[in-house]
Every structure is written in structure tokens, then in C-alpha cells.
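Let me begin by presenting the structure, written as C-alpha cells, before commenting on it.
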Amino acid sequence: MNNKHFGLKNLNMSPIYDRTGRPLAGKSTLQGVPRIADVYVLLDIMSSMNVHSRRENDDLRIDTAYVCPQPVPIDLAQKMRASILLLGPFLARFGKVQIPLPGGCSIGARPIGQHAMGLRSLGAHVTFESSRIVATARVGSMHSIFNLELPNVTGTESFMLAASRSERLTAIRNAARQPEIEDLAAVLQKMEIKVEGAGTSVIRIHGTSRPNPYSHRVMPDCIECGTVLIAGALLGNLLAAVRAT
């Protein structure tokens with residue numbers, strides 16, 4: 001039995017969100033994008049902001065030439081946790097963002113507050129108003145050397161994206177070390193953004209004001225791969241996990 005593995009869901013979120021927030025000349029492509037609800041919700045959010053996307057089999061082609069920073073629809077943002085990743089790229093591109101609290105989570109139950117603290121450390125002004133996160137910053141100015149209270153994955157991703165348009169050094173200490181952080185760094189590097197230390201506890205970023213389009217194959221979902229391999233072992237059947245690394 002062969003099982004084909006599609007891209008890691010959370011990693012699909014990071015590069016796609018980055019596309020909604022950057023002024024690129026040309027179109028970018030993500031390969032191996034899974035057909036799951038979170039991705040479709042994200043595409044709906046992008047469409048509401050005039051981002052054009054097209055699927056070609058398992059590839060997703062994205063064009064942000066005419067992106068417009070509209071308020072994120074509350075019904076869409078609250079369908080998934082990863083909508084919090086809009087904060088970083090929208091601040092980097094437009095200098096302002098307003099998004100509903102994601103996934104219906106309260107700040108105390110899930111550490112949304114760490115996103116606010118990190119962005120403040122980068123120089124942004126962040127407030128919580130009527131179940132929305134409101135943030136402003138001067139475009140190209142967000143940079144700092146700061147410590148994360150917890151090595152949060154989405155927090156680390158958000159700060160990497162926020163800092164990627166500043167040409168000054170940003171260093172994130174106590175950063176998350178999961179594989180999707182390394183793959184996001186690979187995407188940013190294809191955009192001519194310098195990233196060092198991804199996969200370690202200290203990540204250094206030198207951004208650029210003119211990032212390039214990119215083509216990138218999303219890494220496989222390690223949880224999906226592990227689940228399939230365990231199922232094969234339990235059943236005692238020969239199983240090949242295709243594109244598992």
C-alpha cells in the first residue's frame with residue numbers, strides 16, 4: 001500500500017498568509033497543498049481582500065498584485081486558530097491590521113497575549129478592542145532583539161513574518177524549533193530575506209523591502225505520516241509512505 005502525504009497544515013498557513021501581506025511582482029506557487037477546511041477558509045479570507053488564487057491539482061498559485069487590506073470577516077477568522085498569523089504580514093506590508101480574535105479562543109485560554117507582547121517588542125502598538133486585535137506600526141520599522149516567554153510556534157512564525165520587511169536585525173530568542181519553522185525560513189530565504197538559526201532557540205532575520213515571488217513544496221505533515229505508519233504496523237501490512245521526508 002502506498003500513501004501520499006500532503007503538506008503540513010500549519011505550514012500551509014504561514015506562506016499563504018505571507019502572500020496576503022507582501023507587494024510582489026509576479027505570482028507565487030505552493031506545491032502539495034492539502035484539501036482541508038482550514039485551507040479553504042484561508043482562501044475565502046484572501047478572496048475577501050482581493051487576493052487571487054487558483055488550484056492546479058495539488059498546487060496553489062497565488063497573486064497578491066491587487067491585495068487590499070480589508071477588515072477580516074469575523075465569521076471566517078473565528079473558524080480557525082491560525083488566522084492569528086495575519087498579524088505579522090499585514091503589519092509588515094500595510095502598517096496596520098484589525099482581526100477578530102481567532103477560533104473563538106479567549107486570551108486567557110490560549111496564549112494570544114504572547115503575540116501582542118512580541119509585536120510590541122518589535123515596535124508595534126497593539127490593543128484589544130471589542131473582540132478584535134488592533135495593531136499599528138511604521139512600515140519597515142519593526143525590529144528588535146527579544147525573548148519569547150514560551151517557544152510558541154505560531155508566535156515565532158508571526159514575528160518572523162512581521163520582521164521580514166525590516167532591513168535591520170531582528171533576533172528572536174527562545175524561538176520554537178519545530179520543523180515548520182525551518183520550512184517557513186526556507187520560504188523567506190527564497191524571497192531574498194536572510195534568516196539564520198531556524199530550528200534553534202535563536203533566530204536572526206534581516207528583511208527586505210522588495211521580497212521576491214517564490215515556488216515552494218510544503219513539507220509533509222509529520223503527524224499524518226506517523227499516524228499512517230502506526231496504522232500499517234498495527235495491521236501488519238506492507239506500507240510505503242510516499243514523500244514522507
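Every read-out reported here was derived from the displayed coordinates using simple, explicitly stated rules and does not represent laboratory data. No experiment lies behind these values; they were computed from the predicted model shown. Here Cβ is always computed from backbone atoms with ideal geometry, including for glycine, and neighbour counts include all displayed protein chains.
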Space enclosed by the convex hull of the alpha-carbon atoms of segment 104-205, per residue, Å³: 96 Å³
Geometric extent, Cα atoms of segment 179-245 - Rg, Dmax (angstrom): 16.8, 54
Cross-link reach list, aspartates and glutamates versus residue 194, counting only Cα pairs under 18 Å and skipping chain neighbours closer than eight places: 18, 157, 167, 180, 182, 183
For 64, 127, order by how many other beta-carbon atoms lie within 10 Å, fewest first: 127, 64
Ranking of 44, 221 by count of other Cβ atoms within 10 Å, fewest first: 44, 221
Under 5 Å, built H, 5+ apart or other chain: amide partners of residue 152: 176
Measure of compaction for segment 2-242 (Cα Rg per 2.2 N^0.38 Å): 0.99
